[in-house]
Amino acid sequence: MIKAKDLTKVFNSGLLLSKNIITAVDEVNFEIGRGEILALVGESGSGKSTIGKMMLKLLKPSGGQILLEDKDIFSISNNKEFYSRVQGIFQDPYSSFNPIFKVNRIFKLVRQSFKKEISISEWNDRVEEVLKKVGLNAGDVLNKYIHQLSGGQLQRLLIARALLMDVEVLVADEITSMLDASTRVDVLEALLSLKEIGASILFVTHDLSQAYYISDKIVVLYKGSVVESGSIEKVFSNPMHPYTRMLLDSIPQLDRKWEEDRISVEDFDKSRAAWKEGLCKYIDRCSLADVNCMRPKLKLVEEDHYVACVKI
Amino acid sequence: MKEFIYFAFKNTKFKIGLAILLFFLILAIIGPYVSHYKDPLEYVSMSNLPPSRENWLGTTTFGQDVFTQFVYGLRSTFFIGLFGGGLATIIGLLIGFIAGYKGGLLDDLLMMLTNILIVIPTLALLIIIAAYLPYRGIGIQSVIIGLTAWPWTARAVRAQTLSLRSREFVNLAKITALRPLKIVLEEIAPNMMSYVVMVFILQFAGAILAAVGLDFIGLGPTKGISLGLMLQYSTLWNAIQLGIWWWFIPPGLAITMIVSSLYFLNIGLDEIFNPRLREE
């Protein structure tokens, strides 16, 4: 359905003298099939959101392509057509609404842009129905300004907006980070119902348990590069890359207290921190690495499971 | 829009500010038609007459009619506020918006210019410019004020633009397939509008005060009359010591009230435009 091919994004900052080049996304490849959820996992600054923005055509890639059914999305010039098929939900619900309008404006605009053929009263019924699905009462929220609603309510309004549009691809950028635990499950269920009708979902998160709960596939990013990817079952049951192992090891468990002997983040040789061009990006935190760990390529370790580490 | 008007007339600060401002504005417009004399500098009567039926606000030491001077002075005050403040607002908005929206090298250059102008003491600059011009009218005075008052507006507008540009609702509008022009006009501009109005109001007040300051130190218009010049002349001819209160109280009070009414309007509008401040 949607496919990222050698996707790269480089940010330039600073003026002539102090030029600063940051490679936020570095040749990332993945594919999301119809009715599949792909979890994009990584720490802050690993390029997750940048990938999401590029898939929504909000940022232009510096290299590589994003293909929607084998067509480069940046060659689709009709935005109405593109955005009726690909939609997104952003990380920060507070800044996703224009503060000087009431929140129902986002639904009005969707009708004006994409669903002009539907009458206003029918549209309002649909909005109400969809709000119910995400656990909101239309009367309580629609006629309010953003400062009168909570982050969770706003986020669910945005999810309702995406649900209304029956899209083919949805980019969900950390949509549960503002929600409390009980509504989180409702939202995840809403995503699953979207998946059931055939949508491809990019689920950007740093919460591995949520990723496992709803996803079919996973891509683990570290500093913009894919370190491990594949089917979620395989990656979770047999994590190979030291970074993935560390991530999985740091999930707090209900039945386990903190222990001393977990793989520590500090446990690395400081002399290796001197990073050189061509070395593995994870070298400064890796417990397996030595000075000769060159930048690895993704390799197939078992069916549907890729790892980028020279030690494996 | 309808909503703004509704909230505007529920807001006491806005109503007070508007009422005072309108009072002086109407006085400035119709005053010259109802006053008994046409030339504010003409010697029309005996000197230092207290307010009477003939001279509503008395006369100056030179026998000029204070009411006539006052209403013509109000006119120049509003003129300077409108044009000086307007010019500063337009320059500040343009530079701030371009710098914030375009970014990069242009942003750096424009902000360098702005910062240089900010560190130059404005009054000193105004004195030098004013002293170099042998003939100064109200128009030139407003241009001088407008050209020196914009830097802080530019900085504030730039910051506002930067912050609005990176807000997610702009992205949400983009993925709702709104056209770029529609996004600028319907999503970004309404958020800037309140800001623009308030910047203009503060620049209006600032320009009036700057003009009064210039007039008072003797660098006001060489021709014509203004509230600042009235204050200067009255102090120069010892009106305060001689108790000729009708000469200096009207202009002083008018300036204070106009500037305060503008600040009231500013605070009121802030509450009207920003739904977060509307709650009682």
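Points to keep in mind about this one:
- Test: residue in the stretch B:96-103 that is over 25 Å from the mean Cα position of the chain (by Cα), hydroxyl-bearing (Ser, Thr, Tyr) and outside any helix (DSSP H, G or I): no
- When the residues of the stretch B:252-279 are filtered to those that are without any contact (Cβ under 8 Å) to a residue 12 or more places away in the chain and within 14 Å of chain A (Cβ to nearest Cβ), the one that is surrounded by the fewest Cβ atoms within 10 Å (Cβ to Cβ) is B:279.
- Any hit, the stretch B:113-130, residues being over 30 Å from residue A:85 (Cα atoms), crowded, with 19+ Cβ neighbours inside 10 Å and at pLDDT 85 or above: yes
- Single residue of the stretch B:153-179 satisfying the filter (more than 8 Å from chain A (Cβ to nearest Cβ) and touching an Asp or Glu at 6+ places or on another chain (Cβ under 8 Å)) that is nearest to residue A:175 (Cα to Cα): B:170
- Sub-6 Å Cβ pairs linking a first residue in the stretch A:128-152 that is within 14 Å of chain B (Cβ to nearest Cβ) to a second residue that is surrounded by fewer than 18 Cβ atoms within 10 Å (Cβ to Cβ) and not β-branched (Val, Ile, Thr), at least 6 apart or interchain, are A:146/A:99; A:147/B:276, ordered by first then second residue.
- Helices (runs of 4 or more DSSP H) within the stretch B:108-177 that include 3 or more residues within 25 Å of residue A:59 (Cα to Cα): B:151-165, B:168-175
- Filtered by the rule that a residue be assigned to a loop (DSSP other than H, G, I, E, B), under 22 Å from the mean Cα position of the chain (by Cα) and buried (at least 20 other Cβ atoms within 10 Å of the Cβ), the stretch A:84-121 gives A:90, A:97.
- Residue B:249 meets the stated requirement of being farther than 30 Å from residue B:98 by Cα, without any contact (Cβ under 8 Å) to a residue 40 or more places away in the chain and aliphatic (A, V, I, L, M).
- Listed conditions (1) facing chain B (nearest Cβ under 9 Å); (2) in contact (Cβ under 8 Å) with a residue 60 or more places away in the chain are all met by residue A:66, apart from (1).
- Some residue of the stretch B:137-147 being under 24 Å from residue A:88 (Cα atoms) and either among the hydrophobic types (A, V, I, L, M, F, W, C) or within 23 Å of the chain's Cα centre (by Cα) (or both): no
- Some residue of the stretch A:222-239 being free of Cβ contacts under 8 Å to residues at least 40 places away in the same chain, among the acidic types (Asp, Glu) and either over 16 Å from residue A:49 (Cβ atoms) or assigned to a helix (DSSP H, G or I) (or both): yes
- Filtering the stretch A:96-127 to residues that are more than 14 Å from chain B (Cβ to nearest Cβ) and out of contact with any helix residue (DSSP H, G or I) (no Cβ under 9 Å at 6 or more places or on another chain) leaves A:117, A:119, A:121, A:122, A:125.
The values are calculated or read from the model by the stated rules, or taken from the named source; none is laboratory data. Because the structure is predicted, anything quoted here is derived from the model rather than measured. Quick reminder, even Gly has a Cβ in these numbers, built from the backbone with ideal geometry, and neighbours come from all protein chains shown.
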